[in-house]
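Structure, as structure tokens:
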Amino acid sequence: MFQTSLSRRRVATGLAVSGLGLMVNRRAHSAIHVSAQDAPDGPFTLPELPYDYAALEPHIDTLTMQIHHDKHHATYIANLNKAVADHPDLQEMSADDLIVNLDSVPEAIRGAVRNNAGGHVNHTMFWEIMGPVPIAAGSLADAINRDFGDLAALQTAVNTAGTGRFGSGWSWLVLGADGKLTVVSTPNQDNPLMDEVGTPILGVDVWEHAYYLKYQNKRADYLTAWWNVVNWEAVATRYAAAGGQ
Ligand code: MN3
């Protein structure tokens, strides 16, 4: 609850103070925003979007992408850097390593690391698996047909999990240790790796900040539209990297 209200306040403040920056230069704008947050510069840094803010129009609007990347993702990174500021051992770890080793994170910062390393990992994946590329024949397509029947059934399962998630969270396609694909949802910025549910191959952000400007309360419409912008080549790469066959 604290994290949510803090993020929202930061977004509102950033928009009021630097609304012009949104239209000028995204790199300069990001730098202004992060430096204004009184956080260390590292070790974690905001990855650049692999495409333009407008690349996912009309399904995901430009302003949503700007706020989502430059404000929300940047805030997770700033708060993660603050959380590990006094922990050199944790600064040596990747965000992926942090979220699978939360038990070894000191209790005083474990919640902050869970939320903010989770937010960093989840959004880094999210940007990577968007940028429309259709699904191609291959092992991932075969596995989807094997485990769901067809692609439409997978999409329905992800959408159902996403609309069923109360409040904020994610809907995921994961590869389990048994080699099977399944759909799960998680609250907040949790990731299926945290509880060894499986390796996320695809995930869709169902926090309101991901869709509210364009879709308002219609999360189901956002989820339906979102499939138009999935980069299936990136998803297939993740499937192969996770050991999928
Ligand atoms: Mn988000």
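For residues that are in a helix (DSSP H, G or I) and open to solvent by 50 Å² or more (accessible area, probe 1.4 Å), scanning just the stretch 152-174, find the one that is nearest to residue 245 (Cα to Cα). Only one residue fits best here, namely 152. Among the residues of the stretch 191-239, those that are within 14 Å of the chain's Cα centre (by Cα), within 13 Å of the ligand (Cβ to nearest atom) and more than 16 Å from residue 144 (Cβ to Cβ) comprise 191, 205, 206, 207, 208, 209, 210, 211, 226. Cβ-Cβ distances below 7 Å connect no pair with a first residue in the stretch 35-64 that is at pLDDT below 95, a second residue that is open to solvent by 80 Å² or more (accessible area, probe 1.4 Å) and in a loop (DSSP other than H, G, I, E, B), and a separation of six or more residues or different chains.
Of the numbered criteria (1) surrounded by fewer than 20 Cβ atoms within 10 Å (Cβ to Cβ); (2) modelled with pLDDT of 95 or more; (3) part of a helix (DSSP H, G or I), the one residue 79 fails is (1). Filtering the stretch 82-96 to residues that are closer than 18 Å to residue 47 by Cβ and open to solvent by 70 Å² or more (accessible area, probe 1.4 Å) leaves only 96. So, residue 192, is that one open to solvent by 20 Å² or more (accessible area, probe 1.4 Å) and in contact with a Gly (Cβ under 6 Å, 6 or more places away or on another chain) or not? Considered against the rule, which asks whether it is open to solvent by 20 Å² or more (accessible area, probe 1.4 Å) and in contact with a Gly (Cβ under 6 Å, 6 or more places away or on another chain), residue 192 comes out as no. Just so you know, in the stretch 100-127 the residues that are among the β-branched types (Val, Ile, Thr) and crowded, with 23+ Cβ neighbours inside 10 Å include one that is nearest to the ligand (Cβ to nearest atom), and it is 121.
The values are calculated or read from the model by the stated rules, or taken from the named source; none is laboratory data. Please read these numbers as outputs of a predicted model, since none were measured by experiment. Cβ sites come from the backbone with ideal geometry, for glycine too, and all protein chains shown count toward neighbours. Accessible surface areas use protein heavy atoms only, side chains included; no ligands, DNA or RNA. Shrake-Rupley method; radii C 1.70, N 1.55, O 1.52, S 1.80 Å.
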